[in-house]
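Below is one structure, written out as structure tokens; comments come after it.
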Amino acid sequence: MTSPTAPLPGADFLARVTVATWLLAPPNGLPSPILLVTHPEPQEQEGSAGIDSGMRAIAAGLGLTPPNECVTTSGSPLVMRRDAVALDYGHDDYLLRVPPPGAQWRRAAQAAGVGITLGLDPLPAGSSQWQTEAYLYRATQAGRVLIGVTGVRTGPGGAGPAVPCCAPFIL
């Protein structure tokens with residue numbers, strides 16, 4: 001993992017970060033579990049520079065890189081327990097909560113790891129699939145996404161599956 005350039009954000013910042021899960025189902029392949037991590041438009045007291053800095057710190061904590069670089073693995077920061085899933089982005093006291101994914105997503109994650117896409121630009125809460133796809137296209141073209149692959153940790157300090165260092169990744 002790389003060291004964040006800004007302090008890792010805490011609970012107040014995480015309360016506004018959104019995480020979405022889905023399964024990417026290629027026509028002739030196994031389903032790939034994906035996480036999308038974004039932030040909504042800044043509130044009045046927030047500045048866009050502060051949001052960008054916080055999101056970049058989370059990305060650094062997860063070891064994410066620009067999509068034009070070799071996609072790296074970031075160990076096993078995805079923590080899955082019976083009723084909870086969260087991302088360990090390196091903060092001493094906080095994890096980033098993931099909405100409960102379905103059983104197929106969980107099985108695929110444990111078998112092959114999870115692709116993470118972190119968007120640096122705001123994505124309004126409640127965006128439709130079409131709006132999210134358009135967002136990803138624009139943000140990728142503008143160099144405003146960071147990506148990586150993570151393993152899954154199901155117990156304290158447990159390792160996830162072996163994920164190749166430069167795993168193929170499709171947005």
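Roughly speaking, what is the stretch gain from A25 to R144, that is 0.36 nm per residue apart minus the C-alpha to C-alpha distance, in nm to one decimal? Numbers along the way, then the final one.
Values: separation 119, 0.36 × 119 = 42.84 nm, distance 2.42 nm.
Contour length minus Cα-Cα distance gives 40.4 nm.
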Dipole of region 11-114, positive direction: furthest Cα of A60, L95, A112, with charges on the beta-carbon: A112
Portion, in percent, of the accessible area of region 48-104 that falls on carbon or sulfur, probe 1.4 Å: 48
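The values are calculated or read from the model by the stated rules, or taken from the named source; none is laboratory data. Just so you know, these numbers come straight off a predicted model, no measurement behind them. Here Cβ is always computed from backbone atoms with ideal geometry, including for glycine, and neighbour counts include all displayed protein chains. Areas reflect the complete protein model, heavy atoms only, side chains present, ligands, DNA and RNA absent. Shrake-Rupley method; radii C 1.70, N 1.55, O 1.52, S 1.80 Å.
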